[in-house]
1. With unit charges on the beta carbons (Lys and Arg positive, Asp and Glu negative) and the dipole taken about the Cα centre of the chain, which residue among 74, 11, 206 sits farthest to the positive side?
2. How much net charge surrounds residue 100 when only other residues with a Cβ under 12 Å from its Cβ are counted (Lys, Arg +1; Asp, Glu -1)?
3. Note down the magnitude of the dipole of the chain about its Cα centre, charges +1 on Lys and Arg C-beta and -1 on Asp and Glu C-beta and zero elsewhere, to the nearest 20 debye.
4. How high is the relative contact order of the range 19-118, given as a whole-number percent (alpha carbon pairs under 8 Å, six or more residues apart)?
5. In the range 182-257, which trypsin sites (Lys or Arg not before Pro) fall in coil by DSSP and have 12 or fewer other Cβ atoms within 10 Å?
6. Where the centroid of each part is defined by its Cα atoms, how far is the range 88-132 from the range 63-84 in Å?
7. Which whole-angstrom value gives the distance between the alpha carbon centres of the range 13-39 and the range 227-259?
8. Let me cross-check residue 151: its accessible surface, 1.4 Å probe, with only protein heavy atoms counted, in Å² to the nearest 10?
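The values are calculated or read from the model by the stated rules, or taken from the named source; none is laboratory data. This structure is a prediction, so every number in the text was calculated from the model and none was measured. In this analysis, Cβ positions are derived from the backbone assuming ideal geometry, glycine residues included, and neighbour counts consider all displayed protein chains. What goes into the accessible areas is simple: the full protein's heavy atoms, side chains included, and nothing from ligands, DNA or RNA. Shrake-Rupley method; radii C 1.70, N 1.55, O 1.52, S 1.80 Å.
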Amino acid sequence: MSDVTTKSQTNTSQNSYTNILTATEDNIAIVTLNRPKVLNALNHELMTELTDALAGFDQDSAIGAIVITGGDRAFAAGADIKEMSDETAINIMLQNKFATWDKIRAVKKPIIAAVSGFALGGGCELMMNCDIIIASETAQFGQPEINLGVIPGAGGTQRLTRIVGKYKAMELILTGRPVTAAEALAMGLVNRVLPVELYLEEAKTLAKQIAGKSQVAVQLAKEAVLKNYDMSLTEGLEFERKNFYMLFASDDQKEGMKAFLEKRPAKFTGK
Ligand code: CAA
């Protein structure tokens, strides 16, 4: 691991995004939400850029995992209230503005959220779209939409309930109360909590560790875990078994098992 860290070089992409920054480092991609003046409020343009960047990295065979982060003060303080405040029900429905969010769900590669500061409303929902969450000690999480006279609209009522259970989700969604990083860790909403100067590095290290595995196995594993949201246990178990059997058609399964038996590190090709 230290070998990877010492040789790492971040390459910042030249692209036309105005609300996010993108970079690659070894075999991972880093997408940084970049509207700091409004605490990374998620307007439509930002979400379009974010999903475009994620789709691009998902197609890039040199990339094995993606980190999404914001700033130390805010991961994202929610959907852009200024953009939404004058919406009508008919317009917001016809334009189906949150449909963009479905594209995050379609990303096959693992996404790790590195979260510091505010992760509220849509910020918390964006984070819950990710596969692993590394938080800083200053992070705070919540679904404060009730205080605006609305409810979470980008998956919060569904995902938060599945993650923390009915009663805690109900309390957070009905009161809008934010929780600290320590509380979030205790309720299983984040994987781990680190000092603010370390959380992003930890997320990158984890992403690189995953990117070094067999990519075909990683993607089928992610797909199978996410099926848990959509299916009954019986259907989910069948799906997992199908993905497991299918991996025996891959070179990586042959190489991985052979390498174990030969007591050497595996050389995965993602095929
Ligand atoms: N949308 C638009 N602008 C926002 C924003 C948001 N969600 N959150 C913060 N901002 C802006 C503020 O308007 C302010 O802009 P100005 O300097 O131009 O006035 C700037 O960011 C800094 O914010 P504050 O001055 O309010 O900073 P603070 O430190 O005093 O408070 C905060 C921070 C507690 C996060 C507070 O900004 C806040 O409560 N924000 C809104 C949180 C929220 O309600 N999120 C849910 C949005 S709805 C949603 O997300 C729906 C969904 O399900 C997708």
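1. 206
2. Summing Lys and Arg as +1 and Asp and Glu as -1 gives -1.
3. Values: 29 positive and 32 negative charges, 140 e Å.
Roughly 680 debye, rounded to the nearest 20.
4. Details: 160 pairs, mean separation 34.9, N = 100.
Relative contact order comes out at 35 percent.
5. Values: sites: 192, 204, 208, 213, 222, 227, 241, 242, 254; in loops: 213.
Qualifying residues, ordered by number: none.
6. Distance between centres, Cα-based: 9 Å.
7. So the separation of the two Cα centres works out to 33 Å.
8. Ignoring ligands and nucleic acids, residue 151 comes out at about 110 Å².
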